[in-house]
Amino acid sequence: MAEVLVLVDHTDGTVKKTTAELLTIARQIGTPAAVFVGSNVDAARPRLAQFGAEKVYVIDNADIDGYLVAPLAEALAAVVEQASPAAVLLPSNGTTKEAAARLAIKTGSGLITDATAVQVEGDQVSASQTVFAGSYTTTCKVTKGFPIITVKPNVLPPKASQAGAAVVNVDVAVSDAAKGAKVTDRQPKQKSGRPELTEAAIVVSGGRGTNGDFSPVEEFADTLGAAVGASRAAVDAGWYPHSNQVGQTGKQVSPQLYVAAGISGAIQHRAGMQTSKTIVAINKDEEAPIFELVDFGVVGDLFAVLPQATEAVKKAKN
Amino acid sequence: MNIVVCVKYVPDAQGDRSFEDDNTTDREGVDGLLSELDEYAVEQALRANEGGEGEITVLTIGPDAAADALKKALQMGADKAVHVVDEAIAGSDAPATSLVLAEAIKKIGAVDVVMTGVASTDGVMGVVPAMLAERLGLPQVTQLSQLSFADGKVTGRRDGDVASETVEASLPAVVGVTDQTDEARYPSFKGIMAAKKKPVETWSLADLGVDAGQVGLANAWTTVENVTKRPPREQGTVVTDEGDGGAKLAEFLSAQKFV
Ligand SMILES: Cc1cc2nc3c(=O)[nH]c(=O)nc-3n(C[C@H](O)[C@H](O)[C@H](O)COP(=O)(O)OP(=O)(O)OC[C@H]3O[C@@H](n4cnc5c(N)ncnc54)[C@H](O)[C@@H]3O)c2cc1C
Ligand SMILES: Cc1cc2nc3c(=O)[nH]c(=O)nc-3n(C[C@H](O)[C@H](O)[C@H](O)COP(=O)(O)OP(=O)(O)OC[C@H]3O[C@@H](n4cnc5c(N)ncnc54)[C@H](O)[C@@H]3O)c2cc1C
């Protein structure tokens, strides 16, 4: 069976859950092979092996980190040339989508981004997307080259399946052309200690209605073990970091439970949370469009409702 | 600086967007407009050129009506516009779109900056800028939330999930901006009047030397096999807080096994 390449999402060898998900998908298409770009592969190998990576292509080259996107695409192209894969799967984020885009042009292969499911029928691979702010689901196929698919987090429960994860080192000489855009400084994001927004099972978000005070939102989130999100209005006001924005130009989340507090429910916000399993809203205005989506809504002041709910949840837990 | 700003004409997100029988976007049923995220690109181009000698050309690929998107950008202050329109382009995928844009940019000529938005508001792939850079062999400095130009270079900030990076490249380059860059200006009355006299060129595929067999629905590298409308969500229970709203919320969460 042909190999299916999975670009490993990791921070210094600590592998993200999405990689286990992608390896699980890859096993349905062919022989999974991880592509590990960076250093500390030894830390990553056990987890890659656990989820079925037969091989781990390792590219450890400082030029890839030192320049923007183009060298990563060259690295992927080098592995593609060596492996002649049946498909390439990548996590969906800004940089990986752009690397996938360049790989598509380099290899003459079709690209599907932000897949919410990948199906395999015989040797045909198709992928689903949620489009137009969550109002449609489309299923696409790649008709030229091999499928390059970027996949969102949480699309399926990862299943373990032990494999060898044999290391194959790949030398990549990054071209001068790819060194055109240089990274001159890198500031790591502060960690909140809460789950990551796109991976969390529960997300509690605050909007303009918080008036800048996110403490009731955060306290409620913490009692539920949830991630904290924000509307663009809250982000633009400087109340919460942009990386926590939910919506069209923020993160798209699809958790088991989404709680919107003091958020009106503009179409661009809905684009990022509409596919959540269960939706709850707290809003002073009974006419707020967010209520059209809810499984449970409270018309009321979030500064009264959230603290009371927090106490009640704490009690129920004990 | 000579800047080409790529702008897309998209169905209004406030409308009821849908698909045609051939699974392409229905562009008739809903009013179109300049993708709001591309207004940020136009804005940054205008600022980069303020007081300078260069020219700002706005470029779109799209149906006849896409001229409206160009008009808006001209009203904001761009100098001229290029509209690539050809029946054969309908239903193109991202690789084909980037091919036609790249050929149009080459034809426009001496370009210092190719400016783009972060993603369209219809396809929302966020890949065309990277594809353009790949095709044009230019450095890519995209998804910038802050940027400045000096001494033939662009410097900017790119915010990712794990880190925030400072990046720089020599011009010419493909420069992409997010909606975290400053708010786009509204066209002034003067701008609206001036736009009427600004040149708009219309090019076909033949003008660009692009073969029709490389673009369009039939030649796309990806095809949409199936489209289904998600059932609208049914409104559940909405209660009014009478001092017990939080308790009721917690009860709901317990019943749903979230607690
Ligand atoms: C191109 C584009 C992209 C965009 N992308 C995004 C995006 O990714 N994410 C996003 O969120 N938005 C996005 N927006 C912005 C979007 O259109 C809305 O402006 C935004 O979502 C509004 O945020 P909000 O609901 O917090 O604020 P508002 O619309 O002002 O709503 C605040 C709500 O809080 C309620 N409220 C006030 N006080 C209280 C209280 N004490 N208790 C309870 N309720 C209270 C009010 O009744 C109101 O409903 C985008 C816009 C554009 C044009
Ligand atoms: C719902 C939907 C799903 C789709 N899925 C796929 C898919 O999986 N694979 C695929 O290959 N294609 C897909 N397409 C087609 C693809 O969206 C179009 O080919 C599109 O022109 C390029 O992608 P984008 O709109 O996502 O642009 P993005 O990559 O999001 O656009 C980024 C920037 O590129 C510039 N730009 C993009 N298009 C134009 C234009 N026409 N004229 C001028 N500048 C432009 C703008 O500056 C824009 O801000 C899809 C389209 C739709 C509507």
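In nm, give the distance between the simple-model label positions of B:SER18 and A:VAL167, each being 7 Å from the Cα along the Cα-to-Cβ direction.
5.7
If amide hydrogens are placed 1.01 Å from N in the peptide plane, which non-local residues have theirs closer than 5 Å to the one on A:ALA117?
Amide H neighbours of A:ALA117, under 5 Å, 5+ apart: A:SER128.
List the aspartates and glutamates whose Cα sits under 17 Å from the Cα of A:LYS277, skipping any in the same chain fewer than 8 residues away.
Filter leaves A:GLU199, A:GLU292, A:ASP295, B:GLU234.
How are the C-alpha pair distances of chain A spread across 10 Å bins, as whole percents from the shortest bin up?
6, 25, 29, 23, 13, 4, 0
Starting from a Cα-only point model with no solvent, please compute log10 I(q)/I(0) by Debye for segment A:97-163 at q = 0.15, 0.27 1/Å.
-0.54, -1.19
Amide H of B:PHE19: which non-local residues (sequence gap of 5 or more, or other chain) have their own amide H closer than 5 Å, using H built in the peptide plane?
Hits under the 5 Å cutoff: B:ASP26.
Where is the GNM fluctuation largest for chain B (alpha-carbon springs, 10 angstrom cutoff): B:GLY236, B:GLY152, B:GLY176?
Looking only at B:GLY236, B:GLY152, B:GLY176, the largest GNM fluctuation is found for B:GLY236.
Regarding segment A:157-261, what are the three Cα extents along the principal axes, ordered largest first, in Å?
53, 41, 23
Please give the Cα centre distance for segment B:205-259 versus segment B:85-126, rounded to the nearest Å.
Spelled out, the Cα-based centre of one part sits 26 Å from the other.
Cα centroids of segment A:4-38 and segment B:134-188: how far apart, whole angstrom?
For segment A:4-38 versus segment B:134-188, the Cα centre distance is 30 Å.
Accessible surface of B:CYS6 in the full protein assembly, 1.4 angstrom probe, to the nearest 10 Å²?
10
By the scheme Lys and Arg +1, Asp and Glu -1, what is the net charge of all other residues having a beta-carbon under 15 Å from that of B:LEU99?
Combined, the nearby Lys, Arg, Asp and Glu give 0.
Starting at the first residue of segment B:199-212, write each ³J(HN,Hα) from the Karplus equation 6.51 cos²θ - 1.76 cosθ + 1.60 with θ = phi - 60°, in whole Hz, x for Gly and Pro.
Residue by residue, segment B:199-212 yields x, 10, 9, 10, 10, 9, 4, 4, 4, 9, x, 9, 6, 4 Hz.
Whole angstrom only: what separates the Cα centroid of segment A:211-273 from the Cα centroid of segment A:83-127?
Between the Cα centres of segment A:211-273 and segment A:83-127 lies a distance of 29 Å.
Just to be sure I understand the curve: with the Debye formula and one point per C-alpha of segment A:1-115, what is log10 I(q)/I(0) at q = 0.12, 0.22 Å⁻¹?
-0.36, -1.35
Please give the direction-averaged projected area of the C-alpha convex hull for segment B:189-256, in square nanometres with one decimal.
Seen from a random direction, the Cα hull of segment B:189-256 projects 13.4 nm² on average.
Using θ = phi - 60° and the Karplus form 6.51 cos²θ - 1.76 cosθ + 1.60, what ³J(HN,Hα) does each residue of segment B:127-141 get, whole Hz, x for Gly and Pro?
Rounded to whole hertz, the list is 10, 4, x, 5, 5, 4, 4, 4, 5, 8, x, 10, x, 10, 10.
What is the set of long-range amide H partners of B:GLU55 at a cut-off below 5 Å, with H atoms built 1.01 Å from backbone N?
Distant-sequence amide H within range of B:GLU55: B:ASN2, B:ILE3.
Indicate, rounded to the nearest 5 percent, the antiparallel portion of the DSSP beta bridges found entirely in the protein assembly as shown.
40
Which trypsin sites (Lys or Arg not before Pro) in segment B:119-205 pass both tests, a DSSP loop state and at most 12 other beta-carbon atoms within 10 Å? Each step should come with its number before you reach the end.
Working: sites: B:ARG135, B:LYS153, B:ARG157, B:ARG158, B:ARG185, B:LYS190, B:LYS196, B:LYS197; in loops: B:ARG185, B:LYS196, B:LYS197.
Hits after loop and neighbour filter: B:LYS196, B:LYS197.
Could you give P(r) for the protein assembly as shown, binned at 10 Å from zero, as whole percent values over all Cα-Cα pairs?
Bins of 10 Å from zero give 4, 17, 27, 27, 18, 7, 1, 0 percent of pairs.
Explain nothing, just compute: Karplus ³J(HN,Hα) = 6.51 cos²θ - 1.76 cosθ + 1.60, θ = phi - 60°, for every residue of segment A:267-279 in order, whole Hz, x for Gly and Pro.
Calculated HN-Hα couplings, in order: 3, 5, 6, 4, 4, x, 9, 4, 8, 4, 4, 10, 10 Hz.
The values are calculated or read from the model by the stated rules, or taken from the named source; none is laboratory data. This is a predicted model, so every value here is computed, not measured. Cβ coordinates were reconstructed from backbone atoms using ideal geometry, including for glycine residues, and neighbour counts include every protein chain displayed. Heavy atoms of the whole protein, side chains included, go into the accessibility calculation; ligands, DNA and RNA do not. Shrake-Rupley method; radii C 1.70, N 1.55, O 1.52, S 1.80 Å.
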